[in-house]
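Quick notes on the structure that follows.
The values are calculated or read from the model by the stated rules, or taken from the named source; none is laboratory data. Bear in mind that the values here come from a model prediction, so they are computed numbers and not experimental data. Heads up, the Cβs are rebuilt from the backbone with ideal geometry, glycines too, and the neighbour counts pull from every protein chain shown. With ligands, DNA and RNA removed, areas are computed over all heavy atoms of the protein, side chains included. Shrake-Rupley method; radii C 1.70, N 1.55, O 1.52, S 1.80 Å.
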Amino acid sequence: MVKLSVIVPFYNVRAYAPDTLRSLRANARDDFEFIFVDDCSTDGTLEILRRAEREIPGAVLVEHEKNGGLATARNTGIDAARGEYLTFLDGDDWVVPGHYERLLAAISGLGCDFVRTDHVQFTDRVRTVHRVPHGLRDTVLRPRDVILPSDRSTPVDYAYAWAGAYHRRLADSGLLRFRDGLRTAEDRPWIWRLHREAESFAVVGLPGVFYRRGVASSLTQIGDVRQLDFIRAFDQVLEETSRDPEADRLLPKAVRTYCAVMAHHLESIERFEPAVARKLRSMSAASLRRMPQEVLAETLNSLGDRRAGQLRRVRRRSVSREVAA
């Protein structure tokens, strides 16, 4: 029986895939499987994966016929996974030897739906440990109980699918699936849904994943239209949270996070192509109008002058143009 399935999407990461694959080989075990999903790479990544499938115990390669993005590739991996537990890794990151064995021992020992772990972020030669924003460790909790408070970072703001492990029952119920086609922020509606609907989780530390930042091909570094998918992602968060029995309590957190991310993109709008920058402004204005207005007003009053000012200007400019028309 397969105990752990590790789902690893790859897309044009030829320079980094060998590090990722070496780290997986160092974590191989008879009851582990590594599901490689190639999302139509064009740079030679696929050839590396075909060779790795033959050489790494437990490796299974799935080739997409059409590029679908990270969310869709992860869903392909979920569909192929046979493990009692599942986890994720990105094709340009890596894990330390023995990480998955320790991760499996942690979640199976605690008996919860999912666990969240710390990780190491590295840019060039700088390495920094990033911790799950929750102090209580190795204790099973109800996930929705840690969504709040609104004005502090909480586990729903730590939206890294690969920083944890997840029981098969979450996949069988559909809670692990991502929204197909999302090119960025795909983890945001996913982590919110887990915390609203799963029954139990724990934070366990284990900073064994090394997350590579500053990759030139990463969407975090590219100012094209795909970056705007954060709006679709957060619209989904608001839509689903608004249907929750505790919507009145949870929506302020969802709106505040959405506004903070939107303000971040507006503050760095010069990195976007001109047409994308215009679309960012118009889509942001439309999303602000869709938000529950009382909650939005309270959020803007508490968000801080700089970020709130960015959002008010976008909303005001949009209203002025509608009046002029």
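Across the chain, the longest run free of exposed loop sites, meaning trypsin sites (Lys or Arg not before Pro) lying outside DSSP classes H, G, I, E and B with no more than 10 other Cβ atoms within 10 Å, spans 153-242.
The Cα center of the stretch 243-320 and the Cα center of the stretch 38-90 differ in position by 35 Å. Of the residues VAL60, VAL126, VAL95, which exhibits the maximal mean-square fluctuation in a Gaussian network model of the chain defined by a 10 Å Cα contact cut-off? Among VAL60, VAL126, VAL95, the largest GNM mean-square fluctuation belongs to VAL126. Surface analysis of the chain yields an accessible area of 45 Å² per residue, using protein heavy atoms and a 1.4 Å probe.
Across the stretch 119-192, the relative contact order, built from alpha-carbon pairs under 8 Å that are at least six residues apart, equals 22 percent.
Calculated FRET efficiency, GLU47 to GLU267, Cβ-Cβ distance, R0 = 30 Å: about 0.15 to the nearest 0.05. On the basis of the beta-carbon distance and an R0 of 30 Å, ASP138 and ARG22 show a calculated FRET efficiency of 0.50.
Available extension along the chain between GLU197 and GLN293 is 32.0 nm, counting 0.36 nm per residue and deducting the alpha carbon span. Pairs of Cα atoms nearer than 8 Å and 6+ residues apart set the relative contact order; for the chain it is 17 percent.
Could you work out the relative contact order of the stretch 18-89, using alpha carbon pairs under 8 angstrom and six or more residues apart, expressed as a whole percent? So the answer I get is 35 percent. Assuming charge only on the beta carbon of Lys and Arg (+1) and of Asp and Glu (-1), the dipole of the chain about its Cα centre is about 1100 debye to the nearest 20.
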